[in-house]
1. Can you give me the number of residues within region 95-120 that are over 15 Å from Leu15 (Cβ atoms), hydroxyl-bearing (Ser, Thr, Tyr) and touching a residue at least 40 places away in the same chain (Cβ under 8 Å)?
2. Go over the candidates Ala107, Ala52 one by one and state the one that is part of a helix (DSSP H, G or I) and open to solvent by less than 10 Å² (accessible area, probe 1.4 Å).
3. Please work out which one of (1) closer than 14 Å to Val130 by Cα; (2) out of contact with any helix residue (DSSP H, G or I) (no Cβ under 9 Å at 6 or more places or on another chain) is the condition Arg35 fails and give its number.
4. Can you tell which of Gln13, Gln20 is surrounded by fewer than 13 Cβ atoms within 10 Å (Cβ to Cβ) and in contact with a helix residue (DSSP H, G or I) (Cβ under 8 Å, 6 or more places away or on another chain)?
5. Among Leu87, Leu43, which is of a type in the set (A, V, I, L, M, F, W, C), in a helix (DSSP H, G or I) and closer than 17 Å to Lys112 by Cβ?
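The values are calculated or read from the model by the stated rules, or taken from the named source; none is laboratory data. All values reported here derive from a predicted model rather than from experimental measurement. Ideal geometry is used to build each Cβ from the backbone, glycine not excepted, and the neighbour counts take in all protein chains shown. Side chains included, ligands, DNA and RNA excluded: accessible areas come from the protein's heavy atoms. Shrake-Rupley method; radii C 1.70, N 1.55, O 1.52, S 1.80 Å.
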Amino acid sequence: MTRRSRGREVALQVLYQIEQNSGFKAADIRRFIDRRLLREAKLVEFTLDLIAGVKEHQAEIDEMIRQVAENWRLDRMAAIDRNILRLGAYEMLYCSEVPAKVAINEALELAKRYSTAQSSRFVNGILDKVFQVKVPAAAEVDAVPSDLESDAPPDAPVVGEENG
C-alpha cells in the first residue's frame, strides 16, 4: 500500500466516523490521524486536506452522486460506500493533480477492503459516471479556444492547409 493510499484509507475511516458520530471532536480526529499515520507530517496534511475537502464540497459531491446514481438514493447506500464515493468524487472533481483513473482505482481498493463483495462494482459504476459527466464538460471548454472560432462552414479549407 502506498503512503497516499494509506492517507486515503485513514480519511475514509474519519469520514465514516464523523457521519456516524457527529459529536466527534476535532482534537479526537487529529489524535486518531496522528496515531494511524505515525505523525508523518506530509501524510497527515494530505489526509486532513482530503477530509476538509470532502466536507467543504459535500453538498456538490452528493448532488453529483445523486445525478448519476440511477435507482439509488444516497441515504439508502451503505454508509461506507457513500463515503468511498464522496472521497473518490472529491479527488476527481477538485484535485487536478490526481488523475481521475487513479481516484477511481483508489476508491475501488477501499471498497474491496472495507465493504461487500459487490461494492467495488457499485463504486466503479457510480464513479465512472461521475467521470463521464466531468470529462465531457472539461473537454468542451478546452476543445476550441475562443480566439480560433470561425463562422466558416466545417468543410471549408483552413488557411495554410494544402488541399489534396
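1. 1
2. Working: Ala52 fails: open to solvent by less than 10 Å² (accessible area, probe 1.4 Å).
Selected residue: Ala107, the only one of Ala107, Ala52 that is part of a helix (DSSP H, G or I) and open to solvent by less than 10 Å² (accessible area, probe 1.4 Å).
3. (1)
4. Values: Gln13 fails: surrounded by fewer than 13 Cβ atoms within 10 Å (Cβ to Cβ).
The unique qualifying residue is Gln20.
5. Numbers: Leu43 fails: closer than 17 Å to Lys112 by Cβ.
Testing whether each residue is of a type in the set (A, V, I, L, M, F, W, C), in a helix (DSSP H, G or I) and closer than 17 Å to Lys112 by Cβ leaves just Leu87.
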